[in-house]
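The values are calculated or read from the model by the stated rules, or taken from the named source; none is laboratory data. A quick note: this is a predicted structure, and the numbers were derived from the prediction, not measured. Note: ideal-geometry Cβ built from the backbone for every residue, glycine included; neighbour counts use all protein chains shown. Protein only, heavy atoms only, side chains kept; ligands, DNA and RNA dropped before computing areas. Shrake-Rupley method; radii C 1.70, N 1.55, O 1.52, S 1.80 Å.
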Amino acid sequence: QYYIYRHFPMLRVRLSDFRLDRRIIMEHLKIGLPMGFQSTLIAIGALFMQWALNGLGPVAVASYAASMKVDAIAMMPMMSFGMAMATYTAQNYGAQRFDRIVSGVRQCICISVGFAVVTGLLNALFGKDLIAVFVAGDAHALEVIDYGQTYLVIQGSCYWVLALLFIYRYTLQGLGYTFAPTFAGVMELVMRGVAAFFLVQAFQFVGASWASPLAWIGSCVPLLIAYYRVERLLLKRAEREERLARRRSDAGAE
């Protein structure tokens, strides 16, 4: 701390840093409120699904709960890739390295989608063993495990969509675009509602297992469209910055 205080004056905490700045507050609200609203929509969708599952009986509820534990562990790395892109994007946007944003997103897609495919295969191959860890001693363990395997296979087959969803969502948020992620949250709520009120009634537990993948697809479509529109703008700005850099270099040489 002493070294930082001595050699990096810009990192010293001053009394003026605690003064409220209306512009900064509005910027935080512009980004924070849509993110909070989006999380609320996702939570409401989860309530719809829980209501629908309760009607399928205790075995379905137990299987869904156990499968979600495995599912949550599998999704954490993909979520981490997405969250990393928010920081990476914001930093490079501030530095006006628009070309790095585009290349970074493409490379992260390759890594995260590749991880998603491998994780989906592992869930399909070892899902029963993983679920058994959470239902040992349950009177209906075999039935719970069979249901859970169905859930993990369906979920795992669509992890690649979830990987794209996280990257596009957090990248757009890192760039300060809030409308598309918020609209994506609305689409996610709508798709979960469709699954809860229609698919569960028609296909029972299989319908419930498709709720999240449908929500990911419904959410990913507007994010994908929004991101590639933004990417074109970023590439144009990168070309403009490159031309300006060349002109400065030529002027300096003269």
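Taking residues in region 5-21 that are on the phi < 0 side of the Ramachandran plot, and partners anywhere that are of a type outside the set (Ser, Thr, Tyr) and part of a helix (DSSP H, G or I), the pairs with Cβ atoms closer than 8 Å and at least 6 places apart or on different chains are 5/11; 11/4.
Residue count for region 183-208 satisfying the condition of being surrounded by 19 or more Cβ atoms within 10 Å (Cβ to Cβ) and under 15 Å from residue 36 (Cα atoms): 4. Restricting attention to region 192-224, the residues being farther than 20 Å from residue 59 by Cβ and either touching a residue at least 40 places away in the same chain (Cβ under 8 Å) or polar (S, T, N, Q) (or both) number 12. Looking only at region 119-142, residues that are open to solvent by 80 Å² or more (accessible area, probe 1.4 Å) and assigned to a helix (DSSP H, G or I) come to 9 in all. Within region 68-85, the set of residues being open to solvent by 70 Å² or more (accessible area, probe 1.4 Å) and within 17 Å of residue 178 (Cα to Cα) comprises just one member, 83. Residue 88: open to solvent by 10 Å² or more (accessible area, probe 1.4 Å), more than 14 Å from the chain's Cα centre (by Cα) and touching a residue at least 24 places away in the same chain (Cβ under 8 Å), yes or no? Against the criterion (open to solvent by 10 Å² or more (accessible area, probe 1.4 Å), more than 14 Å from the chain's Cα centre (by Cα) and touching a residue at least 24 places away in the same chain (Cβ under 8 Å)), residue 88 qualifies. Residues of region 105-115 include none that is open to solvent by less than 10 Å² (accessible area, probe 1.4 Å) and in contact with a Lys or Arg (Cβ under 9 Å, 6 or more places away or on another chain).
Rundown of residues vs (1) within 23 Å of residue 47 (Cβ to Cβ); (2) modelled with pLDDT of 90 or more; (3) acidic (Asp, Glu); (4) open to solvent by 30 Å² or more (accessible area, probe 1.4 Å), yes/no style:
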| position | (1), (2), (3), (4) |
| --- | --- |
| 150 | yes, yes, no, yes |
| 163 | no, yes, no, no |
| 179 | no, no, no, yes |
| 218 | yes, yes, no, no |
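Pairing residues of region 29-49 that are over 20 Å from residue 176 (Cβ atoms) with residues that are open to solvent by less than 70 Å² (accessible area, probe 1.4 Å) and modelled with pLDDT under 75, at Cβ distances under 7 Å and at least 6 apart in sequence or on separate chains, gives no pairs at all.
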